[in-house]
1. Look through Leu248, Leu240, Leu217 and report the one residue that is touching a helix residue (DSSP H, G or I) at 6+ places or on another chain (Cβ under 9 Å) and either among the hydroxyl-bearing types (Ser, Thr, Tyr) or at pLDDT below 95 (or both).
2. Ser127 passes all but one of (1) outside the structural domain of Ser322 (by TED's automatic domain parsing); (2) within 30 Å of Phe315 (Cα to Cα); which number fails?
3. From the residues in region 250-278 that are buried (at least 24 other Cβ atoms within 10 Å of the Cβ) and of a type in the set (A, V, I, L, M), which one is nearest to the chain's Cα centre (by Cα)?
4. Would you mention how many residues in region 351-375 are within 23 Å of Phe315 (Cβ to Cβ) and either among the hydroxyl-bearing types (Ser, Thr, Tyr) or out of contact with any Leu (no Cβ under 9 Å at 6 or more places or on another chain) (or both)?
5. For region 390-457, which strands (runs of 3 or more DSSP E) that fit wholly inside it have 1 or more residues that are more than 24 Å from Phe211 (Cβ to Cβ) and touching a strand residue (DSSP E or B) at 6+ places or on another chain (Cβ under 8 Å)?
6. Which of the residues belonging to region 251-260 are modelled with pLDDT of 95 or more, within 15 Å of Gly424 (Cβ to Cβ) and not acidic (Asp, Glu)?
7. Of the conditions (1) at pLDDT 95 or above; (2) surrounded by fewer than 17 Cβ atoms within 10 Å (Cβ to Cβ); (3) in contact with a Ser or Thr (Cβ under 9 Å, 6 or more places away or on another chain), Phe375 satisfies every one except a single condition; which number is it?
8. Do you know which of the residues in region 143-168 that are farther than 17 Å from Pro389 by Cβ and touching a helix residue (DSSP H, G or I) at 6+ places or on another chain (Cβ under 6 Å) is surrounded by the fewest Cβ atoms within 10 Å (Cβ to Cβ)?
Amino acid sequence: MLHVCIEFMLFTYNLRAPCTLYRAPKLIIMGLKIQLKELSRLGYTDPVARSLVVNIVSKHCKYDTKENVIQTLEAILREPQSFWENEIWSKLAYHFSPREEQKTFTVYELRKQSLNFKTYGGKFIESLPKQQMELAMRLPVSLQGALMPDAHAGYGLPIGGVLAVENAVIPYAVGVDIGCRMALSIFEEKSVFVRRYAHQIKEALKEYTHFGMDGSLTFEQEHEILDDERFNATSLLKKLQGKAVHQLGSSGGGNHFVEFGELNLNENNCTGLPAGNYLALLSHSGSRGLGFEIAKHYSRLAREICKLPREAQHFAWLDLDSELGKEYWLSMNLAGDYAKACHERIHINLAKALGIKIVTTIDNHHNFAWKEKLFDGREAIIHLKGATPAHLGEPGIIPGSMTAPGYLVCGKGNTESLNSASHGAGRAMSHEKAKENFTQSALKKMLSSAGVSLIGGSVEEAPLAYKNIEKVMDCQKELVDIHGQFVPKIVRMNKE
């Protein structure tokens, strides 16, 4: 443990004795005896500067000599700007020479007319998400777009919106839950397992999953992502590494879930497994606080340097050739890998707890951005805001609701949809409207009639708050082929 002791032995007054002058005050830091008058002679006269010296020296100069420390303190006073980028001394340097960030910005005009975009299942989509997509297609960087049949209103790009832009990335078009994804694990066991061992599954879900903004699992998690060197790439990522360690293997709130169910695989399916009935585990979650903080930070910076009309401010972008653009791209990819790691830990933990073996896992992001070539050969950045990648031969998962089946699909590589499909059934009601229309007792009846057990959850996620998954799937036959059907049986969600 580092010990810091500051001795203030100045004049003291005693009513029964004359004033006494004690020896000069000293600053004692891990054996370095630096008198306060020495700091004063150097120019460290105000309490803030001295406090910074105490904190920095005690934390980082454990094995340094007094002479080296004094020389560094003198150098900082002479030329504080040269220490702005110093990992140890930057805070002290900023104290003497605050860094004035010169933010240059560019004002952009929108196109007068929206570019055309492909809409799937338009009759099931309300007007607001269509208007949001039209606005996105008026951006000067936009190249191509598509709207999936599960689309509903979002911030900036609608949920279910897919947008291709030129050499730029739009943080809000990726979303605040960077790398949110579905993951489906298939086990050796047949689906009868979920009925025979329902009690054990429920207990495992209670003990080995955690939902919500706060807290974490009660046992330590390990994964190579925690030691990823990208956490040292920016000061923001360094600060967020501890949060990533704390939240690994946990899930968010809202419509995030972990559920066991029955998977019926078709012949010649994309898993390579024989057709039949299997026990499966499906999870939906993202990059937790790590992704949220990255999104918040770079969305703010994008709005500061990319000035758009008020109605389009959430579409502010970062040029990928700029330092900020490169920072966000690296951070976004780290958050995506972290989201994948969270799902891996969830599935490994539950499989181990139940003594069952995972045969294969299928997963992919639906809040992300990729570099891809369009049908005409132009390179673009494809943003998927709540849309499933559906390149030719690519497997994916499209869930329904707690009482409706989800589907294991394989992409057809449709270029008009930017190789994408829906990421679920999509909301038919807002969260507020769902709370107004459903009660807990009504929710329990719906679940009971469908033979589904729910741990946690809320009326906001009631099955009738979502669109009919069969109609949604019917609208995207040219985007994906169905290779299997997943039926939820035991569901764990956040209780809100």
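The values are calculated or read from the model by the stated rules, or taken from the named source; none is laboratory data. What you are looking at is a predicted structure, and each value in this text was computed from that prediction instead of being measured. We place every Cβ from the backbone using ideal geometry, glycine too, and count neighbours over all the protein chains shown.
1. Numbers: Leu248 fails: either among the hydroxyl-bearing types (Ser, Thr, Tyr) or at pLDDT below 95 (or both); Leu240 fails: either among the hydroxyl-bearing types (Ser, Thr, Tyr) or at pLDDT below 95 (or both).
It is Leu217.
2. (1)
3. Within region 250-278, the match that is nearest to the chain's Cα centre (by Cα) is Val258.
4. Filtering region 351-375 down to residues within 23 Å of Phe315 (Cβ to Cβ) leaves 365-374.
Going one step further and asking which of them are either among the hydroxyl-bearing types (Ser, Thr, Tyr) or out of contact with any Leu (no Cβ under 9 Å at 6 or more places or on another chain) (or both), we end up with 373.
Selection size over region 351-375: 1.
5. Working: elements: 395-398, 406-411, 420-422, 453-455.
Result: 395-398, 406-411, 420-422.
6. Of everything in region 251-260, those that are modelled with pLDDT of 95 or more, within 15 Å of Gly424 (Cβ to Cβ) and not acidic (Asp, Glu) turn out to be His256, Phe257.
7. Only one criterion in (1) at pLDDT 95 or above; (2) surrounded by fewer than 17 Cβ atoms within 10 Å (Cβ to Cβ); (3) in contact with a Ser or Thr (Cβ under 9 Å, 6 or more places away or on another chain) is unmet by Phe375, namely (1).
8. Going through the qualifying residues, I end up with Tyr155.
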